[in-house]
Amino acid sequence: RDIMSSDDVSDLVTEMRHDVIADIVERNMPPGSYADQWYTDVMETETKRVLNVDAPIKEWSTEEGVGVEDIESRIRDLADKHMAIKSADSSASVMRRVEKAILLQQLDIQCKEHLQTLDHLRQGISLRAFGQRDPLNEYKAEAFAYFQTMLDRLRESTTLTLSLVSVDAELGALNLMPKANFDDVQTN
């Protein structure tokens, strides 16, 4: 309801993007690990795939004294600049409507999948009683874990879609493909 009644969801979208970046960094730069133990190749691939930015993470990781927070901050700055450029290319009001529409669309998709997952869980939860476990408590615990997973997927899918979309303000059209890959599409 808050999203539906709001005219500007840019703060929420920015927060989601920053959460996605933090997740990428946390997965690939485990706490207490050294720079040579970081998965920099994976991070570069993930930032390109999800954020549509080329981040020289390998180079950054070889710098003297660079830490996890530095890398996360640099990725965040790159992603924020990328989105600011997109917003500047179209009018701010058009970009706000696009952000809201994509967020609502992704929320709808993720909620439908979540409800389907809960239905499957409900159908099989009674088998837990055979294992001497309380089915209700098992359902609550797993449903909560699935909800957290749904929120993570919502953040990532919204961030990914917004990073790939380009808005043509003059035509009022959306392009959901990166410009670099647009030439690869063959028309019949």
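FYI, it's all coordinate maths here, none of it is from the lab. Treat the numbers as computed from the prediction; the structure is a model and nothing was measured. Every residue, glycine as well, gets a Cβ built from its backbone with ideal geometry; the counts of neighbours run over all protein chains shown.
One table, with the values for the structure above:
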item	result
Residue that is surrounded by the fewest Cβ atoms within 10 Å (Cβ to Cβ), among those in segment 27-53 that are under 18 Å from LEU160 (Cα atoms) and of a type in the set (Asp, Glu)	GLU44
Test: residue in segment 100-115 that is basic (Lys, Arg) and over 29 Å from ASP36 (Cβ atoms)	yes
Matching residues, segment 16-30, being in a helix (DSSP H, G or I) and either within 10 Å of the chain's Cα centre (by Cα) or not acidic (Asp, Glu) (or both)	MET16, ARG17, HIS18, ASP19, VAL20, ILE21, ALA22, ASP23, ILE24, VAL25, ARG27, ASN28
Residues satisfying the stated conditions in segment 155-166, i.e. assigned to a helix (DSSP H, G or I) and of a type outside the set (Val, Ile, Thr)	ARG155, GLU156, SER157, LEU160, LEU162, SER163, LEU164
Matching residues in segment 88-101 - criterion: being in contact (Cβ under 8 Å) with a residue 60 or more places away in the chain and among the hydroxyl-bearing types (Ser, Thr, Tyr)	SER90, SER91
